[in-house]
Amino acid sequence: MKSIKTNIFAMGASLALLASCGTQEKKTELTLSGLDPAKFETTVDGTKPVRLYTLKNHNGMEVCVTNFGGRIVSIMVPDKNGTMTDVVLGFDSIADYQNIPSDFGASIGRYANRINKGQITIDGTLIQLPTNNFGHCLHGGPTGWQYQVYEASQSNDSTIVLTINSADGDNNFPGNVTAHVTYSLTADNAVDISYDATTDKTTVINMTNHSYFNLNGDPSKPATDNILYIASDSITPVDSTFMTNGTMMAVKGTPFDFNTPKPIAPSVTGFDNEQVKFGNGFDHNWVLATKGDITKPAAKLTSPATGISLTVYTDEPGIQVYTGNFLDGTVKGKKGIVYPQRASVCLETQHYPDSPNKPQWPSVLLKPGETYHSHCIFKFGVEK
């Protein structure tokens, strides 16, 4: 009897140990940035799988991307002391990305920025797009690509290709469009982003990445102490609804002159300047002096606290600089941190806002048989 009990006890202990091992095996390994990939696994619309993808390089840098909205969720880079630091805002779970309206880290399409009154004319036909921002169409409308699921293909540890098939009539934009976003993490600590798109009807395309950068690594506080450089002699000014009027305004002698690097504050709160007041800070397109030469720095952001620098290269004619003016302390992001106003800086490389209605500006029309292409490089470094 004793041996039977002993055997039963031993068997129970073995089963418990196996169960324990099974539980441990199922436990998700966190990313370097502390994200739990299990919190990003879901299905949208019943058929579209969503998950978290991780890119790495040999320097220990890590970039996490979700195919929901083609979003960068985290970017871990070394600071001046070698400490790995997350430098973008975002959420800890796919549920938050779905339930809290935001552009955090998103691949924006079909049209980044604003279109006046949501109206475009193509081949003589007036098309009314949805108006979701001060009477204008912003970032492709209320269900733009930042809220849609991209198909993901990760070929290696450092590259992922995201694909979206946007049907004719998506947010009332014409044409069946297939677009690709390729994220590559390079050996020299750059996030290289390439965009390509084709269409079967003439349409408009203007894609960008909408990462909210905080190079201090502390998004609980404003990032306005960051030092900004922009290679630009003019901006496209806006009215009180953030809409451009088709002119260009020289930056010399204004708060918008960053040809000599300087802290973002106090210029960003210089509301005695009408343009700063209209933008509630900076929410403007700078006309780049680089003129599409991707070998020349278009902008640079540096944190005096961490020494982390971010240099932006692009073949686009403009860059929208947005200083998180509408963050208001109500959004809780990664690790439970509440994001205050101006907790970040967005550096959105793109064509100018409302270009479909401004024939004097570079065209955003895409026709059948053509391929849209845009290229942006976020190069990270350290200044001690």
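For the chain, the Kirkwood estimate of the hydrodynamic radius, built from every pair of different alpha carbons, is 21.8 Å. Note on the stretch 198-307: Rg/Rh from C-alpha atoms, Kirkwood Rh, equals 1.00. Rounded to the nearest whole angstrom, the semi-axes of the ellipsoid equivalent to the stretch 25-179, taken from the Cα gyration tensor as √(5λ), stand at 33, 17, 14, largest first.
Per-residue extension of 0.36 nm, minus the Cα-Cα distance of Thr143 and Ala95, leaves a gain of 15.7 nm for this segment.
Listed peptides 85-96, 238-249 appear in the order 85-96, 238-249 once ranked by packing, highest mean of other Cβ atoms within 10 Å at the front. Let me test this: with uniform point scatterers at the alpha carbons of the stretch 242-384, what is the Debye-based log₁₀ I(q)/I(0) at q = 0.19 1/Å? Results for the stretch 242-384 at q = 0.19 Å⁻¹ read -1.32. Projected over all directions and averaged, the alpha-carbon convex hull of the stretch 191-233 occupies 5.8 nm². Ligands, DNA and RNA are left out, and with a 1.4 angstrom probe the accessible area of the stretch 190-320 is 34 Å² per residue. The share of alpha-carbon pairs in the stretch 248-311 lying farther apart than 21 Å comes to 31%. Counting only protein heavy atoms and using a 1.4 Å probe, the accessible area of Ile100 comes to about 50 Å². Extension gain for the segment Asn176 to Thr330, taken as residue separation times 0.36 nm less the Cα-Cα distance, is 51.7 nm to one decimal. The Rg/Rh ratio for the stretch 120-256, using Cα coordinates for both the radius of gyration and the Kirkwood hydrodynamic radius, is 1.01.
Taking all Cα-Cα distances within the stretch 93-132, those exceeding 13 Å account for 66%.
By the rule of a C-alpha distance below 22 Å, with chain neighbours fewer than 8 residues away ignored, the lysines paired with Lys332 are Lys39, Lys221.
At an R0 of 30 angstrom, the distance between the Cβ atoms of Lys48 and Val338 translates into a FRET efficiency of 0.45.
Distance between the modelled labels on Lys201 and Lys262, one decimal in nanometres: 4.9 nm (7 Å Cα→Cβ projection). For the stretch 322-328, 3J(HN,Hα) computed residue by residue from phi via the Karplus equation (6.51, -1.76, 1.60; θ = phi - 60°) reads 10, 9, x, 5, 9, 5, 9 Hz, glycine and proline entered as x. Working note: Karplus 6.51/-1.76/1.60 with θ = phi - 60° gives the stretch 172-188 the couplings 6, 6, x, x, 7, 10, 10, 10, 10, 10, 10, 9, 10, 9, 8, 5, 9 Hz, where Gly and Pro are set to x.
The Cα atoms of the stretch 133-186 cover 42, 24, 14 Å along the three principal axes, with the biggest extent listed first.
So, with a 1.4 angstrom probe, what is the percent of accessible area on the chain that is carbon and sulfur? Accessible surface attributable to carbon and sulfur in the chain totals 54 percent. Computed over the stretch 217-268, the range of Cα coordinates on each principal axis works out to 37, 26, 16 Å, biggest value leading. Per-residue SASA remark: Phe271, around 90 Å² accessible (1.4 Å probe; ligands, DNA and RNA not included). Amide H contacts for Val204 (H built 1.01 Å from N in the peptide plane; partners 5 or more residues away or on another chain; cut-off under 5 Å): Leu366. Ordering Thr302, Pro78, Phe68 by the projection of their Cα atoms onto the charge dipole of the chain, which places +1 on the Cβ of Lys and Arg and -1 on the Cβ of Asp and Glu, puts Pro78 at the extreme positive end.
The values are calculated or read from the model by the stated rules, or taken from the named source; none is laboratory data. Because the structure is a prediction, the values reported are computed rather than measured. When we count neighbours, we look across all protein chains shown, and the Cβ atoms used for this are built from the backbone with ideal geometry, even at glycine. With ligands, DNA and RNA removed, areas are computed over all heavy atoms of the protein, side chains included. Shrake-Rupley method; radii C 1.70, N 1.55, O 1.52, S 1.80 Å.
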